[in-house]
There are 2 protein chains.
Amino acid sequence: MLSKNQIKFINSLKQKKYREEHNLFIAEGAKIVPELLASGIRVKQVFATSEFLRKHKIANEIERFEIKEAELERISSLMTANEVIALCEIPSYEIDPNSFKEKLALVLDDIKDPGNMGTIIRIADWFGIGNVVCSNNSVDVFNPKVVQATMGSIARIKIHYTDLRSFISEQSELNQLPVFGALLEGENLYSKKLPSAGLIVIGNESKGISEEIQQLLTDKISIPSFSHFSQSGGEAESLNAAIATAIICSEFRRGN
Amino acid sequence: MLSKNQIKFINSLKQKKYREEHNLFIAEGAKIVPELLASGIRVKQVFATSEFLRKHKIANEIERFEIKEAELERISSLMTANEVIALCEIPSYEIDPNSFKEKLALVLDDIKDPGNMGTIIRIADWFGIGNVVCSNNSVDVFNPKVVQATMGSIARIKIHYTDLRSFISEQSELNQLPVFGALLEGENLYSKKLPSAGLIVIGNESKGISEEIQQLLTDKISIPSFSHFSQSGGEAESLNAAIATAIICSEFRRGN
C-alpha cells in the first residue's frame, strides 16, 4: 500500500526540477525495468505487482513494494500502467575527453521531442555508438517519456549534457575527430567515404543545426531525396530528426 | 462563426466510422493545408484565421470560413491549434496491378501506431516510393494524427488497404516482384545486392511480420546490429518499425 507521500514523491519526479534535486528518475514497465536491474544503473526502489516480484530476482539492497494495479495507475506516466515502476539513480558520466578517441559519437544540437530523443538513443545502441552528447537545451533524457522511448537502451549508452561548442572544439583538437553534419548543400552521404571515428551532429527538429555549430563542421553531408511526385505538387522537404540519424548511422557502419 | 452543428460534424471526423460515412478527412496546420491545396487531393472546406486566408490563394469551388483562434481550438486535434483546418475528400486509389511493375512499393503488415504510419509515409515520399499497401488491420491513414505525422506526404503517396496475402501473391506472379522482409535470421542487408523493383514488407511494431506473410517472402533480410555494450548487460533488441523502414529504403536507393 502506497502512502500519500510516496505517491506525491514519485509523481514529483516527472518534473526535471525534482529529478535533479533527488538525483532520481522513473523507469516503468516489464520490458525496461528488468534491463535496468541487470545493468550498471543503480535501482533504488521498485514498486511492482506480486506477479512481477514473483518472476524477477531483485537484489537485496533494493527496496521493494508490492502494490496493486490500481495503485500503479496513480503513479504511472503511461496510458496503461504496466506491472512495475522503478526509481533509479541518475548516472553521472564525466566527459573523459580521451574516451572519444577513435570512436563515433552522436552530438545532439537541441533535440526537443522526447520521442525523438528516446529513439535516437535506441539507434545509438543498435549501431554501437556508446556516447551521446547533448546540448544543454536538449530535452532531458531522464524525462519518463524519453526513458520509455529508449526501450532499455538508456542503460547502455552514456549520455552527456554540455556546451557543444567547447566540446566539439576540444575533440577536433585533441583527437582530430572530423565533425559531420547534415545540411542541404552537403556532399552526398552515399558516395562519401566515411571514417570509423568522428562526431555526427544532429540538428534541432525545426531549425536544424545552429549557425554556431555549423561553423565547426569539417564535413557537410546530405541525405539525397528521391522524391519526384511533381504532378501532385511539392515533394518531401525533410526527414524527421530520428529518421535522419538512423540513415546516417547506418551509412557509417555499413562499410563501403 | 461556427455553428454547433459544424463543430459537431468536424469533431465526428476524428472517428473512422464518420470519415468513411462522409468520405472526408481532416488536415490541419499552416504547413500541410497549403500542400494539400496545391495537390491532387480535393479540398472541400477550409476553416481558417483571417491571416491564413489573406496569405493563401484558395480556389473558388472550395467553401471557406473565416474563424477566430478560439473557434479553431474547438475543432483542433492538435495540442496547439494552428491557423487552419481543411476537410478533404478521401482519395480512392484503385489497385492497378500493373502499376507496381518495375517499382518499389512498401507493404505494411498491421502497423498500428499513428506516428509510425505517418513517418513511414514520409519516408516513402523521401525515397520516391509512390505506393504504400496496408493490411486491413493497419491504422487508418486518414486518422488526424497520421495525417499530421506525414507532413504533407499524404498528398503524394498512394495508400491502399487490402488483403496482403492476395496482393503479394498476385504481384509475385504477375510482375515477378521479389518480396523482401526483415527477419532475425535474414541475410545481411548491407552485403546483399538489392534490385530496383520489389515489395518491401514491414511488420507490426510488436509482433513483426505475421507467419502467413513470412511464407510469401522471397528474400529474408536483416539489419545487422553493432550493439556490444555487454558489460552493462543486454543489447539493443530491435529497431522501431519506422526506423527499420528508413534504413531499408535507404539501402535500396543508395545503389551499390
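The values are calculated or read from the model by the stated rules, or taken from the named source; none is laboratory data. Source: prediction; values computed, not measured. Note that we place each Cβ from the backbone using ideal geometry, even for glycine, and neighbour counts take in every protein chain shown.
Quick notes on this structure:
- Test: residue in the range B:107-119 that is touching a helix residue (DSSP H, G or I) at 6+ places or on another chain (Cβ under 6 Å), hydroxyl-bearing (Ser, Thr, Tyr) and either in the same structural domain as B:Ser250 (by TED's automatic domain parsing) or more than 16 Å from B:Ile200 (Cβ to Cβ) (or both): yes
- In the range B:54-77, the residue that is nearest to B:Leu36 (Cα to Cα) out of those that are in contact (Cβ under 8 Å) with a residue 40 or more places away in the chain and not in a loop (DSSP other than H, G, I, E, B) is B:Phe65.
- Residue count for the range B:132-183, restricted to those that are in a loop (DSSP other than H, G, I, E, B), over 22 Å from B:Lys207 (Cβ atoms) and out of contact with any Gly (no Cβ under 8 Å at 6 or more places or on another chain): 3
- Residue count for the range A:78-95, restricted to those that are at pLDDT 90 or above and either surrounded by fewer than 19 Cβ atoms within 10 Å (Cβ to Cβ) or part of a helix (DSSP H, G or I) (or both): 3.
- Pick from the range B:224-253, criterion modelled with pLDDT under 95 and part of a helix (DSSP H, G or I), ranking: farthest from the other protein chains (Cβ to nearest Cβ): B:Ser230
- When each of B:Gly198, B:Gly208 is tested for being farther than 24 Å from B:Lys103 by Cβ, surrounded by 19 or more Cβ atoms within 10 Å (Cβ to Cβ) and more than 9 Å from chain A (Cβ to nearest Cβ), the lone residue that passes is B:Gly208.
- Single residue of B:Phe142, B:Phe127, B:Phe100 found to be of a type in the set (Phe, Trp, Tyr), crowded, with 24+ Cβ neighbours inside 10 Å and either within 21 Å of B:Gly181 (Cβ to Cβ) or not assigned by TED's automatic domain parsing to the domain that holds B:Ala27 (or both): B:Phe127
- Of all residues in the range A:195-214, those being in contact with a Lys or Arg (Cβ under 9 Å, 6 or more places away or on another chain) and of a type outside the set (Asp, Glu) number 7.
- Criterion (of a type in the set (S, T, N, Q) and farther than 22 Å from B:Ile243 by Cα) met by exactly one of B:Asn98, B:Asn137: B:Asn98
- The set of residues in the range B:127-149 being within 11 Å of another protein chain (Cβ to nearest Cβ) and touching a residue at least 60 places away in the same chain (Cβ under 8 Å) consists of B:Phe127, B:Gly128, B:Ile129.
- Condition check for A:Leu217: crowded, with 17+ Cβ neighbours inside 10 Å, more than 7 Å from chain B (Cβ to nearest Cβ) and part of a loop (DSSP other than H, G, I, E, B): yes
- When the range A:1-42 is limited to residues that are among the basic types (Lys, Arg) and part of a helix (DSSP H, G or I), the one that is surrounded by the fewest Cβ atoms within 10 Å (Cβ to Cβ) turns out to be A:Lys4.
- Test: residue in the range A:184-194 that is within 14 Å of chain B (Cβ to nearest Cβ), part of a strand (DSSP E or B) and hydroxyl-bearing (Ser, Thr, Tyr): no
- Here A:Ile129 qualifies as part of a loop (DSSP other than H, G, I, E, B) and in contact with a strand residue (DSSP E or B) (Cβ under 9 Å, 6 or more places away or on another chain).
- Scanning the range B:102-126 for residues that are in a strand (DSSP E or B) and within 13 Å of chain A (Cβ to nearest Cβ) turns up just one, B:Leu104.
- Being in the same structural domain as A:Leu216 (by TED's automatic domain parsing), closer than 27 Å to A:Ala244 by Cα, surrounded by fewer than 16 Cβ atoms within 10 Å (Cβ to Cβ) and among the polar types (S, T, N, Q) is a property that holds for A:Ser166.
- Residue in the range B:63-83 that is farthest from B:Pro178 (Cα to Cα), counting only those that are among the aliphatic types (A, V, I, L, M) and touching a Leu at 6+ places or on another chain (Cβ under 8 Å): B:Ile67
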